[in-house]
Each structure stands twice: as structure tokens, then as C-alpha cells.
């Protein structure tokens, strides 16, 4: 790692406080004013040409100076911005604060009680409102950018820097930091406004209240797929002791479409204030939970941006869930057949091929030039002409089945067959929701999305744990481009397995 520089600009460098993708944060001393600062450095060495470097530096200085104009008790003060002539490093001097970030707090398992968590979120919302009223959008609200002081007051960090880094890295086709708190419009490289910060703050609130990340998955691509297409499990399913209106709060802040979210951060803060004191949120009246209506055209965009090799199944919901056939009676247990390739690989390949086919088909245009010209010595027949070849009919769009599984198990395995072919095998686990004297109550949820050809299909679901196995079957008829939800429930007492189609 090497020794830190002795000085950057006029600042005397002490110990290193942290390190990120684009630079290092140092504890430093401002000799001119005799005060400690946190000095964040940015190394613009990624710029390929002098012109790109100059453009980035100009943008950095402009955004940092705008951030320095923010004055709110919930926003970290920007003291200075500049460039070190010796090293070429850009820097921003911030007030040095005691305390720790929410990310550090969560990492050591010190999640605050729900009232305190909501109060933190409400104060951050008011800080964001101050910035938004001055035309500043943070674009990278996450636990690592929220400092919690010893008094319990939060401070938002990295205004200005987040916007500059986002602008550069998005243009390069990359994502900075963890996309767990990114809004859908950011994930799709669309225009963002203040409501993107509200979505990100909603994801922070979800983590504080439940101990889980709203869009957690095993890869960046799958996280992005969930951010864009999949709603998180309502918080009260994970933590039943939360007040009922918490689910409304999370649903509104985390709505996929910006117009379905809180239009202003202060309205979120007001609802939190009401919820903490046990009142009905004042801004709930008139708000209707939006249907999970997602634009199918966004899927090729996601494939194109992230690379087709990395694409993963996601939800594409069309208006109206359709009406599958009534469930059938449970069928006899069958021996598990073996197939080449894992179920997840087969689903991935199917989704990839369909998405790429749709993308290629949509970009094709009929040619205005002849395929080949006839030789000069050949005269075309005046009476027989070859009719133009008919364009092939596009393949029908697939349907989607969202498998929504709830269970009270500590651990086990969920398996699913479609038309006698195994298409899903998932390990499941549940978290303790209530610790009673003689036993513990657990709850677990799992959501998976399958892509199926239009037509009639039969599903068999099997849940296994310890020495127990439960299995049920259900069938349905699926229309092209429609989405169907299969609710799979395992009883808490008798452990009975039930399947049903829901909207």
C-alpha cells in the first residue's frame, strides 16, 4: 500500500481513514485554520486523454462547489476543494466527525430498534429535502454514506462526489459501489431526479428495519434484475412486530416507477414522524399501491448494458395476471429424473436466447436493395415473378411464473418440476422472528422467477427438511407475455404444503 504523502495541497496528511474505488480518505490537518479535516482524494488517472481528464476535473470542481453551498445539520460540511499540483490528485476537505457509518454499525450487528431506525431515516430525508430544493441530487445514498454521530444524529456524506463519480462511471458502462441501494432508473441508465434518492433511502430503511437488504442476491447482475423488476418482501413478513404502516412506507419509497414514490423527501419524513408516534401516516390518503407493472422493453436494455453472458431471469409483469386453470389434486410422488446441466443454467440459457432474439428481431429492417442482380444476358420472365419471401412470424413472448414461497423452517430444500422436468433446486433457511421460552418461531421467504412457453403446464413442488418431505401439484394455462404468481405456503403447525395461483 505504501506510505501516505506528507501533504496534499496545503493539508498535512495523517493516517488513512478509508479507501474506495477512486481514491483514499485521510485524516488531515488544515494548518491555515488549525482544524482537523477528512480529506477525500480522487485520482483521475482513469481518463484516457488529457481532454477527458480536464473535463472530469472541471465537472468535479463544479459539483463539489455546489455541494459546499449546502448548509444543513444533517449534511457533512464541505470546507474546501482543490487540486494538488505535485501529484495531480483532486481533493475535497470535509468536516472531521466522530462516530461511525451505518454500514459499520450494521456490519457489527448493532441494528437500532425500529423507532430509532425510522427516526434516522426521517432526519436523512429532511437533509435530502434541503439538497433537492437547491437542485442537488446525491445519487448514492447508502449506509456507507450516512455517518451516525455519538448523539444519534445522522449526517449525509459525499454530496457532489457521488454525482461526479456516477456521471463518469455510468458513461463508462460500469457501476460504482454496491448497486443494492441503486434506483431502477439508475440501473437502466435513465434520467434521474430527486426521487432516485428517495428510493435509495427506502432501501436503507428496509435494511435498518429488517436486517436484510431489499434486493440482496448472489451477483451484481441479479441484484440489478431485482432492483428493476422485483419488489422486496414486505418488512412485516420478516419482522412481525413492526407496525402495519411500515409496509406502506417501504412500498411507496421503493416503488419501481418514480411517479409512484413520494414526490418529495419531506413527505417521507412526515409519514415517519406519524408512524413513530403511533398515528396514521398523514400522506397515505389517496395513495394506491401500484400494480407490479413493468415495461418489457426495459429487459433488452438491461441485457445490452450488462452484457448478454451475464443476464439472469427477472420479472416482467404485464397488466392483468390472467386466470390459470384450477389447481389439480396432488399426484403420486415420482422418482427424480436426472438431466444434463443445472436447472438454473437451463433457465438462464432460455431467457438469454429469448431476450437476444427479441433484441435482434426488433432491430431488423427490410432491405431496400435487391439481394442479387440478374446477369446481363438473362431476361426475366414477363409472366412469372417470384413473390417476395414472407417475413417469419415472431415467436410468441414467454410467460413468467413468480414462485413466492413462505415457510417456518430453520433450513431445508425447495424443488420444483415443470412437466416432469426439474427446473429449480434452492436451499432455504428461516430467521428467528420470536424467541419464546420453549421454542423459537422462524420465518423464511424465497422468491424465484421462471420463464415458460405459452400453453398448459403442470408444476410439482416439493419441500424437504430433516427427515420430512411434503409435495403438491398444480396446473395452469399460461398466455404469452403474462405473469402468474404461484403462492407456496408451508404451515407452521401441521407443516401442510399448499399451492395456489394469486394476483
* To do: Could you work out the Rg to Rh ratio of segment 1-145, with Rh taken as the Kirkwood radius (inverse of the mean 1/r over all Cα pairs)?
  => 0.99
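Counting residues in segment 198-259 as N, plug N into 2.2 N^0.38 Å and put the Cα Rg over that result.
On the way: Rg = 11.3 Å, N = 62, 2.2 N^0.38 = 10.6 Å.
Dividing the Cα radius of gyration by 2.2 N^0.38 Å gives 1.07.
Restricting things to alpha carbons, find the Rg to Rh ratio for segment 71-115 using the Kirkwood radius for Rh. Working shown, then result.
Details: Rg = 16.0 Å, Rh = 13.6 Å.
That ratio equals 1.17.
Suppose we keep just the DSSP beta bridges with both residues in segment 1-96; what percent of those would be antiparallel, to 5?
Working: 24 of 24 bridges.
Roughly 100 percent of the DSSP beta bridges within segment 1-96 come out antiparallel.
What's the ranking of 29-41, 249-261 by average number of surrounding C-beta atoms within 10 Å, highest first?
Descending packing order for the listed peptides: 249-261, 29-41.
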* With a 10 Å radius around each residue's Cβ, average the other Cβ atoms per peptide and rank 105-115, 278-288, highest first. => 105-115, 278-288
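Kirkwood hydrodynamic radius, computed over distinct alpha-carbon pairs, for segment 31-112: how many Å, to one decimal? Present the calculation step by step, with values, prior to reporting the outcome.
Numbers: mean 1/r = 0.0670 Å⁻¹.
Kirkwood hydrodynamic radius for segment 31-112: 14.9 Å.
Since every read-out is calculated from the coordinates, none of them should be taken as a lab result. These numbers come from a predicted model, not from an experiment. Every residue, glycine as well, gets a Cβ built from its backbone with ideal geometry; the counts of neighbours run over all protein chains shown.
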